[in-house]
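Engineer: So that we are looking at the same thing, I have put the structure below in structure tokens.
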Amino acid sequence: MISEEERALIKRAKEGDEGSFETLLLSCKGKAYNIALRYVKDENDAMDVLQESFIKIFRHLKNFNEESKFETWVYRIVVNACYDFLRKKKKKYREVSMESEDHPAGAELDIPDGAPPPEEMMLNREESAYILTCLDKIPEEHKKIIILRDITGLSYEQISEILECSIGTVKSRISRARKNLKEIYLNNLKIRDS
């Protein structure tokens, strides 16, 4: 539920108070960035998605109905922006030739390696990379719920609002997603170790 302090900040932000808007964004910027980073797997791309999300939030703040927490609304916008970004990127890669004016035939191309973020590498580089590889092999609906709950740490209520479904649906999706991830993890582990 939205607090009175948050409601007052939102009201002032809707009236054009930039300081109130900035305070609202600062309260959820870190987690919003982490969500974007988990989806797009590149720090620069995550910052671009976040910037685009904040512009959308600013433009549509007057439409925020205050039925959910502000941060939940922000996370929903960030998740949607990530999916838009990934769709555009996928389409771009299908359409772009390996040869261009900038990269003539035979020239070396810098291709991002898709490595996990530094904090994961510090904990356990190989295990984290393996888990992320497995995560990429599960259906998008399962991947989304794992990122929101297990990686980002959002509550069932927040996920319910972001995905616009009931808490019961969230719990069952999380259960199925974890089971699916575990099966892929164990099956690939057998293959990898054999």
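Engineer: Does the range 142-152 contain at least one residue that is at pLDDT below 85 and not in a loop (DSSP other than H, G, I, E, B)?
Structural biologist: Yes, that holds for at least one residue.
Engineer: Something else: Within the range 9-40, take every residue that is among the β-branched types (Val, Ile, Thr) and without any contact (Cβ under 8 Å) to a residue 60 or more places away in the chain and give me the one that is surrounded by the fewest Cβ atoms within 10 Å (Cβ to Cβ).
Structural biologist: Thr23
Engineer: How many residues are over 12 Å from the mean Cα position of the chain (by Cα), assigned to a helix (DSSP H, G or I) and without any contact (Cβ under 8 Å) to a residue 24 or more places away in the chain when one looks only at the range 41-70?
Structural biologist: Of the residues in that region, 6 qualify.
Engineer: Restricted to the range 148-162, and to residues that are among the polar types (S, T, N, Q) and surrounded by fewer than 21 Cβ atoms within 10 Å (Cβ to Cβ), which residue is nearest to Ser68 (Cα to Cα)?
Structural biologist: Taking the range 148-162 as the starting set, the residues that turn out to be among the polar types (S, T, N, Q) are 152, 155, 158, 160.
The next check asks that each one be surrounded by fewer than 21 Cβ atoms within 10 Å (Cβ to Cβ); those that pass are 152, 155, 160.
On the way: Thr152: 19, Ser155: 13, Ser160: 10 Å.
Step by step, filter the range 148-162, then rank; the result is Ser160.
Engineer: Right, Phe85: over 13 Å from the mean Cα position of the chain (by Cα), of a type in the set (Phe, Trp, Tyr) and not assigned by TED's automatic domain parsing to the domain that holds Ser160 or not?
Structural biologist: When the stated conditions are applied, Phe85 does not pass them.
Engineer: Run down Ile146, Ile131 and say which single residue is closer than 21 Å to Gly30 by Cα and under 17 Å from the mean Cα position of the chain (by Cα).
Structural biologist: Details: Ile131 fails: closer than 21 Å to Gly30 by Cα.
So the residue among Ile146, Ile131 that is closer than 21 Å to Gly30 by Cα and under 17 Å from the mean Cα position of the chain (by Cα) is Ile146.
Engineer: Hey, Asn63 hits all of (1) at pLDDT 85 or above; (2) over 29 Å from Asn187 (Cβ atoms); (3) in contact with a helix residue (DSSP H, G or I) (Cβ under 8 Å, 6 or more places away or on another chain) but one; which does it fall short on?
Structural biologist: Among (1) at pLDDT 85 or above; (2) over 29 Å from Asn187 (Cβ atoms); (3) in contact with a helix residue (DSSP H, G or I) (Cβ under 8 Å, 6 or more places away or on another chain), Asn63 violates only (3).
Engineer: In the range 170-182, which residues are at pLDDT 90 or above and either loosely packed, with under 14 Cβ neighbours inside 10 Å or on the phi > 0 side of the Ramachandran plot (or both)?
Structural biologist: Ser172, Ser175, Lys179
Engineer: Sticking with this structure for a sec: Exactly one of these conditions fails for Ile131: (1) hydrophobic (A, V, I, L, M, F, W, C); (2) modelled with pLDDT of 85 or more; (3) not in a loop (DSSP other than H, G, I, E, B). Give me its number.
Structural biologist: So Ile131 meets the others, but not (2).
The values are calculated or read from the model by the stated rules, or taken from the named source; none is laboratory data. These numbers were taken from a predicted model, which means no experiment stands behind them. Positions of Cβ are generated from backbone atoms using ideal geometry, with glycine treated the same way; all protein chains shown enter the neighbour counts.
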